[in-house]
Amino acid sequence: MTHNKKPKLAVWKFASCDGCQLSILDCEDELLAVAGAVEIAYFPEATRSTVRGPYDISLVEGSVTTYHDAKRIQQIRVNSKFLVTIGACATSGGIQALRNFKEVDEFIRIVYARPSYIETLERSTPISEHVFVDFELRGCPINKYQLVEVLSAYLHGRKPNTPAYSVCVECKRRSTTCVMVASGTPCLGPVTHAGCGALCPAYHRGCYGCFGPMETPNTASLSAQWQELGVTEEGLVRAFRGFNAYSEAFRKESQAHEHDDN
């Protein structure tokens with residue numbers, strides 16, 4: 001980082017819903033502290049003013065789905081000292097990666113009256129499939145406190161301190177009764193990365209896997225437990241094909257239960 005002026009922060013958007021960028025703006029008091037520590041050089045969601053790179057930190061939201069974006073992320077990487085991907089779209093391809101399991105041309109023919117006008121890649125892919133990523137911050141949307149921690153870490157030259165454990169630990173910490181044990185409700189908590197504060201189980205609902213797979217998730221064991229609860233093969237495919245469908249662990253598990261009739 002430069003010592004004679006504030007580090008430059010840039011926020012970039014690719015294929016996404018803008019939810020993670022809104023999480024940045026939702027930081028409120030924390031955002032004021034961030035704004036005081038960096039120069040927000042590029043952030044169209046928040047300001048029209050821009051400052052040319054290179055940038056010290058780039059936050060990237062969204063997946064790569066077009067030829068143009070595949071080239072654009074390369075240029076952003078060149079102009080960024082650190083590149084951090086934020087959210088399910090940027091880290092695993094997002095909900096739009098559901099198209100990766102089918103023929104994208106079929107969807108284009110069904111949805112658009114003039115398919116010839118559509119130029120898109122065959123797959124929706126995470127940023128890491130195109131360039132080196134310094135850190136991946138998961139979530140749909142991201143946890144704003146984790147974001148502040150990541151920014152603080154890079155501004156101070158240290159490794160980000162974010163949890164690597166599952167949602168189950170968060171349930172224990174807030175004294176939430178396990179919905180699978182108590183009521184037989186299928187829950188992805190045991191294989192999902194922490195970050196949401198166990199929001200869904202706190203309201204007696206199973207985890208939907210918004211934060212993607214935790215480190216070394218045992219998805220096969222969880223699937224076997226779900227089957228004992230009466231979940232079908234089709235149900236397992238649908239469960240693992242949510243916001244992080246194209247993350248490696250969830251993708252492989254859903255494909256293990258997929259049949260021609262699904």
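The values are calculated or read from the model by the stated rules, or taken from the named source; none is laboratory data. This one's a predicted model, so the numbers in the text were calculated from it and none came from an experiment. Every residue, glycine as well, gets a Cβ built from its backbone with ideal geometry; the counts of neighbours run over all protein chains shown.
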How about segment 1-28: which of its residues are assigned to a helix (DSSP H, G or I) and farther than 24 Å from Gly157 by Cβ?
Gly19, Cys20, Gln21, Leu22, Ser23, Leu25
Could you tell me whether any residue of segment 105-123 is within 20 Å of Phe240 (Cβ to Cβ) and of a type outside the set (S, T, N, Q)?
yes
Looking only at residues in segment 159-177 that are among the charged types (D, E, K, R) and under 21 Å from Leu222 (Cα atoms), which one is surrounded by the fewest Cβ atoms within 10 Å (Cβ to Cβ)?
Lys172
For segment 85-108, indicate whether the set of residues that are in contact (Cβ under 8 Å) with a residue 12 or more places away in the chain, closer than 20 Å to Leu155 by Cβ and either surrounded by fewer than 22 Cβ atoms within 10 Å (Cβ to Cβ) or under 18 Å from the mean Cα position of the chain (by Cα) (or both) is non-empty.
yes
Report, ordered by the first and then the second residue, all pairs with beta carbons closer than 8 Å, sequence separation of six or more or different chains, a first member in segment 44-56 that is on the phi < 0 side of the Ramachandran plot and surrounded by 10 or more Cβ atoms within 10 Å (Cβ to Cβ), and a second member that is part of a loop (DSSP other than H, G, I, E, B) and among the aliphatic types (A, V, I, L, M).
Asp56/Met1; Asp56/Val38
Quick one: which of Ile76, Ile86, Ile110 is farther than 30 Å from Gly53 by Cα and aliphatic (A, V, I, L, M)?
Ile110
Return the only residue of Arg52, Arg72 being in the same structural domain as Asn143 (by TED's automatic domain parsing), in contact with a strand residue (DSSP E or B) (Cβ under 9 Å, 6 or more places away or on another chain) and in a helix (DSSP H, G or I).
Arg72
Restricting segment 93-127 to residues that are among the hydroxyl-bearing types (Ser, Thr, Tyr) and touching a Ser or Thr at 6+ places or on another chain (Cβ under 7 Å), which is nearest to Pro213 (Cα to Cα)?
Thr125
